[in-house]
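The values are calculated or read from the model by the stated rules, or taken from the named source; none is laboratory data. None of the values given here were measured: they were computed from a predicted structure. Note that each Cβ is placed from the backbone with ideal geometry, even for glycine, and that neighbours are counted across all protein chains shown. Accessible surface is based on the protein model in full, side chains and every heavy atom, while ligands, DNA and RNA are left aside. Shrake-Rupley method; radii C 1.70, N 1.55, O 1.52, S 1.80 Å.
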Amino acid sequence: MQMSKNNDLLKLILNLIIIGLFIIITYQVVQPFLFGFFWAVMVVITTWPFMIKCQEKLFNKRILAVAVMMIILSLFFIIPIILIVTSIAKNSSFLIDFAKNFSQQKLPTLSWLESIPLVGEELHSKWNNLITDNGLELIQQVRPYFGTVAKWIIDQATNVSIFIFHCAIMVIFSGLLFLKGEKVKKYVYHFAHRLSKQHGKKTVLLAGQSIRAVALGVVVTALTLTLIGGISLLLVNMPFTGFITLVLFVCCVAQIGPVIVMASCAIWQFWSGNIIAGICLCVITVILTTLDSLMRTYLIKKGVDLPFLLILFGVIGGLLGFGAMGLFIGPVMLALSYNLMQAWIQERD
């Protein structure tokens, strides 16, 4: 009898080890595609009503509607890349001339620094000491960091390549999910029902509503920030306004934010001696940064009936914990946890 119990225990341990190995190996295999898959799930849930309308217009043919949606998704990423490359090609002569004459450029005196209370005179004095040798002292100070900068540039180029790969995976998975959407929906509902007969369906519906609200909040916020930023760049006569506005929109959609683009434009204006324009862009940068967080959170709250602070913490915590995809994961997970907790409390009463 004792021997039988030992054999059963050994068999259980071996089964758990084998199942654990299967899970680890499976995760390693699918891990490169997970980001693109989850991204596709977000896109399909958000754009499903639009796909159904396309299907109704296209003789009720699902395959035609799926083809249209895949083309739209592809163009959404291809067109900005084409516009950026085209703009760089058109203005390559200006960039080459600027690079050739960069050594002949004189650093601005920045006399307006003296008007800053308390620290203005000291800042202006240090700046004058810096430009007396045309920035050679500054170059000597930053030279040890050139390797770090080069490594950062290589890392960013690698990240861009990975992002393009995920975009392609997202388009492919989106097409498959659009094509078999109803079957996938039934499978998800059945799976959720197996996990929880009482709250399974409600949990899936809440997850879908949260994802759609977050996605719409991201797009509407990005369009608003791009519109304000583009108008401000146009008013201060910023060079390459169209190109910079496009980059601003891409950064807002990718959750990088408007700070890098707008701050760079402000620095350019200060460098060119346009002090008022530079100050205006700094103010606009602060406004857009604040509006980015508040507007996105408000729109998500409007789409899902949840406490404002819960959504805010979900957005911020998700971004810090999981990057851009955390913008969706954070609010969705907090929303599910909150509603499940509320249902459990009500049942206790």
Could you please give the count of residues in the stretch 33-66 that are assigned to a helix (DSSP H, G or I) and without any contact (Cβ under 8 Å) to a residue 24 or more places away in the chain?
-> 11
Contact list, first residue from the stretch 72-85 and of a type in the set (Ser, Thr, Tyr), second anywhere and at pLDDT 70 or above, beta-carbon distance below 8 Å, six or more apart or interchain, is 74/171
Determine whether residue 23 is assigned to a helix (DSSP H, G or I) and modelled with pLDDT of 90 or more.
-> yes
Options 161, 196; residue that is more than 20 Å from the chain's Cα centre (by Cα), hydroxyl-bearing (Ser, Thr, Tyr), open to solvent by 30 Å² or more (accessible area, probe 1.4 Å) and farther than 26 Å from residue 297 by Cα | 196
Can you confirm whether the stretch 225-248 contains a residue that is open to solvent by less than 40 Å² (accessible area, probe 1.4 Å), in contact (Cβ under 8 Å) with a residue 60 or more places away in the chain, under 30 Å from residue 335 (Cβ atoms) and among the hydroxyl-bearing types (Ser, Thr, Tyr)?
-> no
Here the qualifying pairs (Cβ atoms under 6 Å; residues six or more apart or on different chains; first in the stretch 168-195 and more than 15 Å from residue 207 (Cα to Cα) and in contact (Cβ under 8 Å) with a residue 12 or more places away in the chain; second buried (at least 16 other Cβ atoms within 10 Å of the Cβ) and charged (D, E, K, R)) come out as none
